[in-house]
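Below: the structure, in structure tokens.
The values are calculated or read from the model by the stated rules, or taken from the named source; none is laboratory data. Keep in mind the model is a prediction, meaning the values are calculated, not measured. Reconstructed Cβ throughout: ideal geometry from the backbone, glycine too, with neighbour counts over all protein chains shown.
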Amino acid sequence: MGVVVKKDVDDDCIMGLWEIQEDFDTLFETVALDTAEKKTLFEFKNIARQIEWLSVRALLKELTQCEAKIIYNEEHKPFLLDNSFNISISHSHKLTSILLSKQKRVGIDLEYRSHRINRIAHKFINENEYITTDKNFEQLHLYIHWCAKEALYKICDKKNINFKDNLTISPFEIKHEGKITGVHHDEHIHDEFQLKYEVRDNYVIVLCCK
């Protein structure tokens, strides 16, 4: 299938989505991997994980029109070796997403709605947050909250952040797409972010650029 979405989502921010329908060989031939990347790829014993890893590189190539190399820091936060863009990556089920910006910090998360997330809501929802009591929308509301917190976690560099204690999502109306205000807070920090979300088929996608 290849790229299903490539669009500007903010000033200096590009989002790409790739629906994975290719097999390993097709994706492997799409990208040019160096020796270190091939070693990393074949360290994954699960073929689905290998295909997922390759889809990220294929999507990045499509978005940048070059063979950009991804590296990771000790928190497993991705960077581009040539520093041409700030990058955030997410994948779930058959969809891979990348958010890029030359100047802004970025965070993106997507989730396939495949389980009863309400069973773990107590682990990431705090007393200042609102979740609808309408059972028709409760699961979706929780997934948007979870993805929003994951996007904040990524844009804040994944350091010493507790989803329940340090991230708060302001009340928002549940729609097909919309905007959310989120805050990263602790004894030293109160940093506010504007996030965008959309529901695409059975996926929830939340992104943030700042």
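Being closer than 19 Å to residue 2 by Cβ and either in contact (Cβ under 8 Å) with a residue 40 or more places away in the chain or touching a Ser or Thr at 6+ places or on another chain (Cβ under 7 Å) (or both): is that true of residue 140 here? No, not satisfied. Can we say residue 179 is in a helix (DSSP H, G or I) and among the basic types (Lys, Arg)? In short, no. Filtering segment 130-152 to residues that are touching a helix residue (DSSP H, G or I) at 6+ places or on another chain (Cβ under 7 Å) and within 23 Å of residue 210 (Cα to Cα) leaves 143, 146, 149. Checked against the criterion of being in the same structural domain as residue 201 (by TED's automatic domain parsing), part of a helix (DSSP H, G or I) and either in contact (Cβ under 8 Å) with a residue 12 or more places away in the chain or touching a strand residue (DSSP E or B) at 6+ places or on another chain (Cβ under 9 Å) (or both), segment 128-136 contains not a single residue that satisfies it.
Which condition does residue 146 not pass, out of (1) under 20 Å from residue 93 (Cβ atoms); (2) among the hydrophobic types (A, V, I, L, M, F, W, C); (3) in contact (Cβ under 8 Å) with a residue 60 or more places away in the chain, if it passes all the others? For residue 146, the exception is condition (3). Here residue 105 clears all of (1) surrounded by 15 or more Cβ atoms within 10 Å (Cβ to Cβ); (2) under 16 Å from the mean Cα position of the chain (by Cα); (3) without any contact (Cβ under 8 Å) to a residue 60 or more places away in the chain except the condition numbered (3). Of the residues making up segment 45-64, those that are surrounded by 13 or more Cβ atoms within 10 Å (Cβ to Cβ) and either among the acidic types (Asp, Glu) or over 21 Å from the mean Cα position of the chain (by Cα) (or both) are 52, 62.
Out of segment 89-145, which residues are among the hydrophobic types (A, V, I, L, M, F, W, C) and farther than 19 Å from residue 76 by Cα? Once the filter is applied, which keeps residues that are among the hydrophobic types (A, V, I, L, M, F, W, C) and farther than 19 Å from residue 76 by Cα, segment 89-145 yields 95, 117, 120, 121, 124, 125, 131, 137, 140, 142, 144. Among the residues of segment 182-195, is there at least one that is within 22 Å of residue 7 (Cβ to Cβ) and either in a loop (DSSP other than H, G, I, E, B) or of a type in the set (S, T, N, Q) (or both)? Checked segment 182-195: at least one residue is within 22 Å of residue 7 (Cβ to Cβ) and either in a loop (DSSP other than H, G, I, E, B) or of a type in the set (S, T, N, Q) (or both).
Within segment 154-172, restricting attention to residues that are buried (at least 20 other Cβ atoms within 10 Å of the Cβ) and part of a helix (DSSP H, G or I), the residue that is nearest to the chain's Cα centre (by Cα) is 154. Checking 98, 87 one by one, the residue that is outside the structural domain of residue 199 (by TED's automatic domain parsing), surrounded by 16 or more Cβ atoms within 10 Å (Cβ to Cβ) and without any contact (Cβ under 8 Å) to a residue 60 or more places away in the chain is 87 and no other. Answer yes or no as to whether residue 142 is under 15 Å from the mean Cα position of the chain (by Cα) and surrounded by 14 or more Cβ atoms within 10 Å (Cβ to Cβ). No: the conditions fail for residue 142.
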